[in-house]
Structures are given as structure tokens and as C-alpha cells.
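The values are calculated or read from the model by the stated rules, or taken from the named source; none is laboratory data. From a predicted model like this one, the values you see are computed outputs, not experimental measurements. Neighbour counts run over all protein chains shown; Cβ positions are idealised from the backbone, glycine included.
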Amino acid sequence: MLEIRKENIKDYKEVYKVIKSAFEVAKHSDGNEQDLVESLRNSDKFIKELSLVAVDDKKIVGYILFTKVKIGENVELALDTIGVLQKYQNKGVGTKLILKGHEIAKKLGYHYSVVLGDPNYYKKFGYVEASKYNIKAPFDVPDDNFMAIKLSDDDIKIEGIVEYAKEFGI
């Protein structure tokens, strides 16, 4: 039975291996995603409630991390990293991590989340081109690949260029 829970310090080494393994076969990877996660954990943009692991039979099989970003004057979220062990891919682990992350983000009062990734994957969760919300990336990227989702039903509207954690080096 798959369990989604908050990551804790004892999980760090195993999460490092999960991320590294998951990105070894990714279409788009710079090979340092696991190191970036370690840096982000030590940043002021880290949100411990949004650093989640998927556990199957006491083994961590997936991980997701959302961090704070600034969009205009608002502090919102970026879905920074999601990784699932190859053996567990295409079995709903990533879906469960994303949905749980969105659920927690809403409870914490966040209104939007942005993501850079494959539109065929993220659109099934409600992500659309970020430009539809007047949200812009701080780098050149195809409109299809830079997406956002409105997490809340309120009338909060934001716009601007996303400011990521300095650990991204953007």
C-alpha cells in the first residue's frame, strides 16, 4: 500500500538515491537534481510540509518538492522536483505525490504553483501555460513547457516574472 508522507531527516540519503535514479533516464536532466534538492532544503524557500515521499513497503519510491517563489508581489510555489524510481513509474506514484502536494499547498494558503516540464504530463493535473495567468519565466522557454495551476477558488490574481530560489542560479 502506497503511503505519501512528509520527508524527514532520516529519509535524505534514500531520497538522494531515488532522485538520482529517476533522472538517469529522464529526457531532460542536467544530472544534478539530487544535489539541487539538498541545496534547496537549506534555503529560505524550503517548505518542509511540501517535501513529500512516496513509500511502498517501507521503501521510498518517489519524491516531490515544492518551494517558494515570488511572482510580482506574491509568494507562491514552484513544483521543483518530482522523481519516481523507474520500477514504479507509470503506476500512479507521481500522480499521488502531485495531488497530495496540491492539497497541502491549498491548506497552507498558496494560490498558484508553476512548473517547468512536459505539458503532456502536467496538463492532466490542471496546469496550463503560465502566460494565461500573466506569469512569465525568468528565462527563455517554450510557452508550452512553462505552466501554472491556480490552486484556490478565490479571486487572487497575480502576474509577473517568477523569482526562483537563488540555488537555481537563475
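General observations
- For L108: the one exception among (1) of a type in the set (A, V, I, L, M); (2) loosely packed, with under 14 Cβ neighbours inside 10 Å; (3) over 16 Å from the mean Cα position of the chain (by Cα): (3)
- When D80, D154, D144, D140 are checked against the criterion of being in contact (Cβ under 8 Å) with a residue 24 or more places away in the chain, acidic (D, E) and closer than 19 Å to F168 by Cβ, D80 stands alone in meeting it.
- Residue in the range 92-102 that is more than 14 Å from the chain's Cα centre (by Cα), within 26 Å of M1 (Cβ to Cβ) and surrounded by fewer than 17 Cβ atoms within 10 Å (Cβ to Cβ) present: yes
- Taken over the range 40-52, the criterion of being farther than 15 Å from L79 by Cβ and crowded, with 16+ Cβ neighbours inside 10 Å is satisfied by R41 alone.
- Number of positions in the range 78-96 that are in contact with a Leu (Cβ under 7 Å, 6 or more places away or on another chain), within 17 Å of F46 (Cα to Cα) and hydrophobic (A, V, I, L, M, F, W, C): 1
- Residue satisfying all of: in the range 71-91; acidic (D, E) and crowded, with 19+ Cβ neighbours inside 10 Å; modelled with the lowest pLDDT among these: D80
- Candidates are the residues of the range 128-170 that are assigned to a loop (DSSP other than H, G, I, E, B) and of a type in the set (A, V, I, L, M, F, W, C); the one that is nearest to F66 (Cα to Cα) is A165.
- Residue list for the range 60-77, restricted to those being under 24 Å from S43 (Cβ atoms), of a type in the set (V, I, T) and more than 12 Å from the chain's Cα centre (by Cα): I60, I71, V75
- When residues of the range 116-170 are limited to those that are polar (S, T, N, Q) and surrounded by 12 or more Cβ atoms within 10 Å (Cβ to Cβ), the one modelled with the lowest pLDDT: S152
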